[in-house]
DNA sequence: CGGCGATATGACATTTAATACATAACGAAC
DNA sequence: GTTCGTTATGTATTAAATGTCATATCGCCG
C-alpha cells in the first residue's frame with residue numbers, strides 16, 4: 001500500500017490588523033470590533049460579553065481602554081432603571097465600525113492575492 | 001494665547017503578517033525573517049543573535065521551531081573547528097526569504113492604500 | 001423601600017510567554 | 001590534549017496578559 005509523501009508542508013498566510021494610538025497602543029482589532037458590534041446588536045455590554053464568552057470585567061476594561069486612547073466615548077452608558085441599564089454606540093463609534101469593516105474586507109482581498117503570488121514564487 | 005484643540009485623535013493602522021502551519025502555529029514573521037536574513041549575512045547564528053540584540057538561546061529556539069514546523073531544514077549547521085562553527089542558509093530558506101520579502105512589500109502597499117481609504121470614510 | 005439587573009472598579013490569582021542562566025558537546029588548530 | 005568559539009539544550013526566573021472574586025452604584029418598579 002503506497003503512501004503519499006508530501007513534497008512540502010502546507011504553509012498558510014495570516015495577518016492581524018489593528019488601529020493604534022500614536023504611542024503604538026492598540027485601540028481596535030478584531031476582538032474589540034466584535035465587542036462593539038455585539039453591543040450595537042444587544043444594547044448592553046454585559047449581554048455582549050456573555051455572547052462573546054468573555055467576562056464582563058474584561059469587556060468593560062477593553063471598552064474603557066479604547067475610549068481612553070481615542071479620546072472620545074464609543075458608548076452611551078446608562079445604569080439603573082427597570083432593565084438595570086444599557087449601553088448603546090455613539091454615532092462616531094458606528095462610523096468607526098463601518099470604516100473598520102470596509103478596511104478589513106479590503107485587506108482580506110489583498111492578502112488573498114498576495115498569498116497566491118507568494119505560492120507561485122515558492 | 002489660543003490653543004489648538006484637535007477635532008480627533010490621530011489613529012494609526014498597523015498590521016502583522018506571518019506564515020503558519022495548518023495548526024495555526026507561527027513559522028515566519030518579521031522577527032524570524034530578520035533572523036534568517038542576518039544568518040545569511042553573517043554566516044553564524046550567534047553573530048546574528050548578537051546583531052539583533054537577542055539572546056542566542058532565543059534565536060536558536062526560534063530557528064528550531066520554524067524548521068520543525070516547516071518539516072525541513074532552513075540552515076546547515078556546523079560546530080567545532082577553528083572558527084567554532086557556523087550556520088548557513090539552505091537553498092529552500094533563501095527562496096522562502098525572497099518570497100516573504102516580496103509578500104511584505106506587496107502588503108505594505110496594500111495597507112497604505114487601505115489606510116488612505118479608511119481615513120476618508122472616517 | 002427593597003429587589004433586580006446592569007454599569008463601575010479594585011484587588012488578587014492564574015495562566016502564558018519571554019527572557020536569563022547554566023552547562024554540555026563539538027572539532028580544527030596549536 | 002588544551003583552548004576557543006560556536007552550536008545545542010534543560011531549567012529557572014520574570015513579566016505580561018487574562019481571569020476570578022468581591023463590592024459598590026444606580027434607578028425604575030412593584
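Since every read-out is calculated from the coordinates, none of them should be taken as a lab result. Keep in mind it's a predicted model, so treat the numbers as computed, not measured. We place every Cβ from the backbone using ideal geometry, glycine too, and count neighbours over all the protein chains shown.
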Closest approach to the B/A rotation axis among chain B Cβ atoms, residue and whole-Å value: B:110, 2
Principal-axis tilt of helix A:56-70 within chain A, Cα atoms, nearest 10 degrees: 90 degrees
Simple label model, 7 Å out from Cα along Cβ direction - residue B:68 to residue B:88, nm: 2.7 nm
Helix-only CD estimate at 222 nm, as mean residue ellipticity for the protein assembly as shown, using -39500 (n - 2.57) per DSSP H run (n ≥ 4): -18500 deg cm²/dmol
Length-normalised contact order for chain B - Cα pairs under 8 Å, 6+ apart - percent: 20 percent
Computed Rg/Rh of the stretch B:67-122, alpha carbon atoms with Kirkwood Rh: 1.33
The stretch A:32-99, relative contact order [Cα under 8 Å, separation at least 6], %: 33 percent
Rounded to whole Å, sorted largest first: equivalent-ellipsoid semi-axes of the protein assembly as shown, Cα gyration tensor: 43, 21, 19
Radius of gyration, Dmax [chain B; alpha carbons; angstrom]: 19.7, 72
Likely footprinting exposure, A:115, B:100, B:56, fewest C-beta neighbours within 10 Å first: B:56, A:115, B:100
Kirkwood-based Rg to Rh ratio, the stretch A:32-99, C-alpha trace: 0.94
Distances in nm from residue B:58 to the matching label points in the other copies, shortest first (labels 7 Å along Cα to Cβ): 2.5
Per-residue Cβ neighbour rank within 10 angstrom, fewest leading, A:45, B:13: B:13, A:45
Shielding by partners - mean other protein chain Cβ count within 10 Å, residues of A:12-25: 5
Helix B:30-42 axis, angle to chain B major axis (alpha carbon atoms, nearest 10°): 40 degrees
